[in-house]
Structure formats: structure tokens, C-alpha cells
Amino acid sequence: MPRSAKIAAWFLVGLGLLALLAPLLPLPSPAEIALRDRPLAPVWPWTEFGSHAFRPEYWKLSWIDARLVELRQTLFGDWQTGHWLGTDAKGRDLLARIVWGSRTSIEVALLASLTSLVLGVGWGAVAGFAGGRVDNAMMRFVDLCFSLPFVFLVIFLIGIVNEYRNELEGRFGIDRETVFFVLLGAFTWLTMARVVRGQVLALKRREFVDAARVLGASRRRILFVHLVPNVLPVVLVYLTLTVPSVMLYEAFLSFLGLGIEPPKVSWGLLAVDGAEALTPLSFDWWLVFWPALAIAATLLALNVLGDALRDKFDPHLAEVRR
């Protein structure tokens with residue numbers, strides 16, 4: 001694997017650990033508001049390394065995150081890092097908001113990956129292996145789902161959730177964030193189904209499938225033991241190339257006000273804050289630069305890793321590039 005791919009992989013691992021341990025880190029609260037005349041510019045760590053001003057002001061946390069915050073107070077007390085990346089217009093620490101916002105992007109990416117693996121691989125493999133009318137009916141359903149205008153569908157469903165929010169949350173535990181995550185996950189498996197179907201159609205006439213059939217293997221065993229494992233390399237490569245598009249969708253929809261709601265934070269909401277800060281009267285560059293750098297670095301790492309995996313699993317392409 002090229003050195004650039006290894007660096008990208010380690011970067012993504014580090015980002016995942018940083019997001020997972022965000023409540024444990026001695027960062028300021030991402031939701032604490034300290035109104036000022038204007039945002040604070042970034043400072044060097046050796047200029048303002050930290051202060052004893054931490055206050056545990058958060059949105060509603062899960063049980064695990066709440067315990068991690070308590071452990072953070074036990075370990076670091078009221079000490080917190082300085083405003084190394086500056087603050088936004090409401091005085092909230094930008095570094096803390098970027099770290100906590102990465103959790104939303106990673107949650108969306110994991111949900112999309114899981115949905116693609118379960119629905120996309122299963123649907124595409126069954127359609128390709130069955131062939132005939134079954135294949136035609138299943139893929140026409142995929143075409144129908146593709147024809148639905150995704151953004152308008154999100155607007156419609158989010159509007160319904162907003163209209164009946166109290167009833168949905170009280171009776172069924174369905175909130176706006178859940179609908180948002182489900183929609184993003186449901187959008188990702190369609191292309192995966194097409195990719196897997198094409199691979200299964202190419203593989204099901206191969207000799208090893210005929211040999212398994214002669215030995216008495218059932219159709220289910222041939223499909224899930226012999227065919228699906230052979231398409232997993234392609235699936236893995238496609239997942240690494242799909243996750244960036246899912247993250248961009250999350251940022252775009254949050255930018256439109258259809259995604260994560262304040263006081264929670266996402267990279268899309270940070271983009272909204274940065275756009276609002278760009279006025280003819282002031283140019284608070286850090287509100288745009290640091291969130292954009294985080295998004296760009298993550299997407300670049302995912303694309304570099306996906307490109308390296310594609311070369312690894314396709315030796316002919318790797319030979320051509322040499």
C-alpha cells in the first residue's frame with residue numbers, strides 16, 4: 001500500500017478516536033455561550049495554553065457521553081484548553097465544536113456503510129443471482145427509488161416531523177435527527193445494489209459456481225458463501241468512495257437547515273456559522289477556514305484510501321498506473 005494511503009488510514013483512525021473520546025478531552029464545552037462584541041481570533045497554544053473556566057454545559061447527552069464527561073471532570077477538574085482555533089460569534093470554542101461536529105459526520109458515515117452492506121449487498125446479490133423476472137422486478141424498484149427527488153423528499157419528511165414532533169417523540173421515540181439519519185442511510189444502498197448485482201452477474205457463470213452446484217450446494221450457500229465473499233473487495237472500495245459523498249450530503253442538508261439542529265453541532269452547521277460571519281464589515285476567516293480544512297482533509301483521506309484499495313484489489317489497474 002502506498003505511503004499516502006497509510007497516512008490517510010492513520011489520519012482516519014485518529015479522527016475516529018478523537019470523535020469517540022470527545023467528551024473525555026479537556027476541551028471547552030461546544031455549547032457554552034459567551035457573548036462578545038466579535039469572535040475571538042485563534043491564539044497560539046504557548047500564548048494561551050488553557051484556563052480554569054470549564055463549565056459542563058451540553059445538550060442532552062447519552063448515558064455513555066454523560067459518564068465520560070464526569071470522568072473528564074475527575075481527571076482535569078475545571079481546566080480546559082485555550083481558544084486555539086478561535087471562537088464563533090457566540091463565543092463558543094471552535095476547536096471543541098469541530099471535534100464534536102466530527103461525531104455527526106462519522107455517525108452518518110457508519111449508518112450509511114451499514115445500510116449499504118445490509119440492504120445494498122443483499123438486494124443486489126439476490127437480484128443478480130436470481131435473474132429473470134425477479135431480477136427485473138427488484139431492479140425496477142431500485143430505479144423507482146432513484147427517480148425520487150432526494151432533497152424534496154427530505155424537505156417533505158422533515159416538515160412532517162416538525163409538524164407532529166411532540167406526538168412522534170412521545171409515542172414512538174422518533175425525532176428529526178433519527179429521520180435525517182435514516183434518509184441518508186436509505187439513499188446510499190441503491191448504487192451499492194447496482195454494483196453488487198453487476199458483479200454477481202459476472203461471477204455466477206464461473207467454474208467455481210458450477211463446481212459448487214455439482215457438489216450439491218444449495219442456492220443460498222452458493223450465493224452467500226461463494227458469490228458474496230468474492231464481491232466484498234469491490235464493496236469495500238465502493239464504501240470508501242461513498243462515505244465522502246454521504247458526509248457532503250450531511251453538511252449540505254445541515255447548511256440548508258434540514259439536518260442537525262442547534263444546540264447540537266455538525267460540520268454543516270459550522271459551515272452555516274462561517275457563511276454568516278463573512279460580511280463586508282468584518283472577515284473572521286477562522287470561522288470558515290478551520291471547518292473547511294477539517295472537511296477537506298477527511299474527504300481527501302477517504303478518497304486516497306479508496307483509490308489505494310481499488311489499486312490493491314485490481315492488479316491490472318495498478319500495473320497500468322506504474
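Please treat every number below as a calculation from the coordinates, not as lab data. Remember, it's a predicted structure, so these values are computed and weren't measured experimentally. A quick note on method: Cβ atoms are made from the backbone with ideal geometry, for glycine too, and the neighbour counts reach across all protein chains shown.
Under a cut-off of 30 Å between alpha-carbon atoms, report the lysines in cross-link reach of residue 60, not counting same-chain residues fewer than 8 places apart. Of all the lysines, those that pass the test against residue 60 - Cα under 30 Å, at least 8 places apart if same chain - are 90, 264. Calculate the translational D of region 17-89 in whole µm² s⁻¹ from Stokes-Einstein, where the hydrodynamic radius comes from the Kirkwood formula applied to all Cα pairs, the temperature is 37 °C and the viscosity 0.692 mPa s. The diffusion coefficient I find is 250 µm²/s. Going from the fewest other Cβ atoms within 10 Å to the most, the residues 177, 167 appear in the order 167, 177.
In this entry, the chain is assigned a mean projected area of 22.3 nm², taken as a quarter of its C-alpha convex hull surface.
If you average the sequence gap of Cα pairs under 8 Å that are 6 or more apart and divide by the length of the chain, what percent do you get for the contact order? Could the numbers behind the result be given before it?
On the way: 394 pairs, mean separation 75.1, N = 322.
Reported relative contact order: 23 percent.
Under the rule of -39500 (n - 2.57) per DSSP H run of 4 or more residues, summed and divided by the residues of the chain, what mean residue ellipticity at 222 nm is obtained, to the nearest 500 deg cm²/dmol?
Working: 12 runs with 204 residues, N = 322.
Only helices count here, giving -21000 deg cm²/dmol.
Which residues among region 117-155 fall inside the zone where the amide N is under 14 Å from a point 7 Å beyond the Cα of residue 256, along Cα→Cβ? Of the residues in region 117-155, 148-155 have backbone N under 14 Å from the label point off residue 256. In the chain, the longest principal axis of the Cα atoms and the axis of helix 3-20 are about 60 degrees apart.
Compared with the dominant principal axis of the Cα atoms in the chain, helix 267-277 is inclined by about 40°. The C-alpha atoms of the chain define a longest principal axis, and helix 176-203 lies at about 30 degrees to it. Ranking of 46, 10, 84 by neighbouring Cβ atoms within 10 Å, starting from the fewest: 46, 10, 84. With the charge dipole of the chain set up from +1 on Lys and Arg Cβ and -1 on Asp and Glu Cβ about the Cα centre, the Cα lying farthest toward the positive end among the listed residues 297, 259, 188 is that of 188.
Counting other C-beta atoms within 10 Å, which of 265, 272 has the fewest, and how do the rest follow? Present the calculation step by step, with values, prior to reporting the outcome.
On the way: 265 24, 272 18.
Going from least to most buried by this count: 272, 265.
Taking 27 Å as the straight-line reach from the Cα of residue 6, the lysines in range (excluding those fewer than 8 positions away in the same chain) are 312. Largest first and in whole Å, the equivalent-ellipsoid semi-axes of region 254-302 read 19, 16, 8, each the square root of five times a Cα gyration tensor eigenvalue. When the chain is described by a simple charge dipole with +1 on each Lys and Arg Cβ and -1 on each Asp and Glu Cβ, the residue from 128, 80, 309 located farthest towards its positive end is 128. Of the residues 30, 247, 54, the one whose Cα sits farthest toward the positive end of the charge dipole of the chain, with +1 on the Cβ of Lys and Arg and -1 on the Cβ of Asp and Glu, is 247. Given +1 at the Cβ of Lys and Arg, -1 at the Cβ of Asp and Glu and no other charges, the dipole of the chain around its Cα centre is 1480 debye to the nearest 20.
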